[in-house]
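Down below is the structure, laid out as structure tokens.
The values are calculated or read from the model by the stated rules, or taken from the named source; none is laboratory data. It should be emphasised that the depicted structure is a prediction, and the values quoted were computed from it without experimental measurement. Heads up, the Cβs are rebuilt from the backbone with ideal geometry, glycines too, and the neighbour counts pull from every protein chain shown.
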Amino acid sequence: MRIGGLASGIDTDSIIKDLMAAQRIPLNKLNQKKQLLEWKRDDYRALNNKILEFRNLAFDMKLQGGYLSKKASISQESIVSVAATSSANEGQYTIKINELAKTASLTSGDLAGAAGGSKTLDSLGLSSDTQITITGSKGSKTINIKQADSIDTLVATINAESTSTGVKVNYDANMDRMFFTSAESGESSQIRLELGNGDNIGSMLGISSNAEVSEGSVSFASKNTIIDNTLGGTETLTIGYDGQSYSFDITATTKIGELVDQINAEMRGSGVTVSLNDSGELSFHNDDSGKAIGFSESAGSGLINTLGVNALAVNTSAIVAKGSDAVVEFNGIEARYDSNTFSIAGMNFTAKQVSDTVVDIGVTQDVDAVFDRIKSFVEKYNTLLDDVNKELLEKRHRDFKPLTAEEREAMSEDEIKIWEEKARSGMLRNDGMLSNGISSMRFALTNSVADLPVGQIKSLSEIGISNANIAGKSISGSYSDRGKLYIDETKLKKALTEKPEEVMALFTQNGDTEGTDGIATRLYDQASQLFEQITEKAGTTTTHEEKYLMGKENKDINERIDRLKLRMIDLEDRYYKQFTAMEKYINQMNSQSAWLAQQFSS
């Protein structure tokens, strides 16, 4: 704590403050220089973000797919919807929805009882604590269940593993039933429930179904297990079902998983599917238990015994439900899909209902979509041009310097706001880098594209895009617009309708030189170059100061400010020491004067 003027009566603090104010002028100038530099850097960065947005749009305009947009019309939207992609060919097509894809599902019977979800599993017929294995499209999971568990507990436990199995279940207390659903649709989707203690899960859940699950007697370690590596040649296993025979070749290198895939592919739609159960045994799901599954083999091969299907055992502890594929006819050709959303010939379909109606589809070029795309690109260019020109032309108020801390204290918030708006205006006025960058873009737009075939569109003006637009007696565009583009919509749509590939080449051509590049390619390169130049000078919010020019300059200013602040502290300390010494001598003089006066008075 410094207390001055006790002996002299001089206002030491005010004098030192005035002395320091004069010495602080260089520091204030450095702080103002720092503030101006940071304002200019921020203006560069704000503009660079807009340049980056335009560059990204120019990149999209380089891609040919955007100029090949197609649209599809359909006669029966209620039956099937369609959306054409750029790869679809223009023309007429037909589609007919014979079957919709369905998810696998199981619905329990009436679980009989007033207790609702609090009913215990032993009341449903579970004879002992055991495990239940749930298998779905995502995999299999075995969980522990107890006789004392409630239905609500079982539902929560199964749903907790749905990310591993793809099976979910709901219990409706009003209907007193459980509803199992699979995550995916199609014939490959399934729901398989199996109890570990051998109880009849169908009876327990009241699920009556004509389908049955039959299993073999031989366990295979994994899907990669070879069926019989002692086979001398190619042997044949034949499966008979519903009056049809299905034959499968097996060699000494055939794996059990490969056979499973072959059976499911060949017997697809028959009502029979096969998988490996948890024990590695072949498990056959038969949609109609009234139709027997029979097996025969090449003489002497022993395949039936090797596979353990000589006497399939019905597994009453397991219930399996299968999904079904969507079956459609496209241009009279039948196809199957595991989802109601599917793609054919560059068109994306969503089947909604089965119908005998043949739906007509028409694919045409989407001129409006391409027009809107080009129009949006031009508008983005004009917006960027306005933003850059605004910075280049903004007036610089050099009389308004950044405020010092003392000046800010003496002003109101509104006064500070008005002052700083003027002080930071015109930071990029007549900036050479920006001027050159915009000029390069304007030349890229106005110059013709070389190396295109004779008679083909070579400039924007040929498709109705230029710095001036004449419509009747109305003329748009002037020198004061500083390069702004205008569109003759009629002329552009005509070019897109009659010469879509030429318009595409005008924008997207990738030549060996700038003169042979398409318009979008040129603008992308010019915007990239300007973006990199500004980044090199002003950096980004994540760039370290030493990595860009203005950052280095700002770092140097900060170091100079720090050194000057230390000098100010030392100088202020020296002033106070000098005034303290003066006060000390004045105090001594006052003491001597008082002593002399006392001596004379005596």
Return yes or no: is LEU566 aliphatic (A, V, I, L, M), surrounded by fewer than 11 Cβ atoms within 10 Å (Cβ to Cβ), part of a helix (DSSP H, G or I) and in the same structural domain as LEU37 (by TED's automatic domain parsing)?
-> yes
Would you check which residues across segment 529-559 are among the small types (Gly, Ala, Ser) and within 15 Å of LEU434 (Cβ to Cβ) and list them?
-> ALA538
Test for MET582: is it part of a helix (DSSP H, G or I) and touching a residue at least 24 places away in the same chain (Cβ under 8 Å) | yes
If you go through segment 327-339 one residue at a time, do you hit one that is under 30 Å from ASN229 (Cα atoms) and in contact (Cβ under 8 Å) with a residue 24 or more places away in the chain?
-> no
Of (1) closer than 28 Å to ASN56 by Cα; (2) at pLDDT 90 or above, ASP481 satisfies all except one. Which?
-> (2)
Any idea which residue in segment 158-187 is modelled with the lowest pLDDT, counting only those that are touching a strand residue (DSSP E or B) at 6+ places or on another chain (Cβ under 9 Å) and among the acidic types (Asp, Glu)?
-> GLU187
Which one of these does ALA156 not meet: (1) under 17 Å from LEU205 (Cβ atoms); (2) among the small types (Gly, Ala, Ser); (3) over 37 Å from the mean Cα position of the chain (by Cα)?
-> (3)
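Which members of segment 310-354 meet the condition of being out of contact with any strand residue (DSSP E or B) (no Cβ under 8 Å at 6 or more places or on another chain) and modelled with pLDDT under 95?
Scanning segment 310-354 gives ALA311, THR316.
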Is one or more of the residues making up segment 9-30 modelled with pLDDT of 90 or more, part of a helix (DSSP H, G or I), in the same structural domain as ARG567 (by TED's automatic domain parsing) and surrounded by 15 or more Cβ atoms within 10 Å (Cβ to Cβ)?
-> yes
Selected residue (only one of GLY426, GLY437 is at positive phi, of a type outside the set (S, T, N, Q) and out of contact with any His (no Cβ under 6 Å at 6 or more places or on another chain)) | GLY426
Looking only at segment 524-543, decide whether some residue is of a type outside the set (Ser, Thr, Tyr) and under 21 Å from ASP451 (Cα atoms).
-> yes
Positions within segment 452-461 being over 38 Å from the mean Cα position of the chain (by Cα) and not hydrophobic (A, V, I, L, M, F, W, C), in sequence order = PRO453, GLY455, GLN456
Some residue of segment 146-153 being of a type in the set (A, V, I, L, M) and at pLDDT below 90 = no
Which of the residues belonging to segment 91-120 are more than 16 Å from PHE349 (Cα to Cα), in a loop (DSSP other than H, G, I, E, B) and touching a residue at least 24 places away in the same chain (Cβ under 8 Å)?
-> SER108, GLY109, ASP110, LEU111, ALA112, GLY113, LYS119
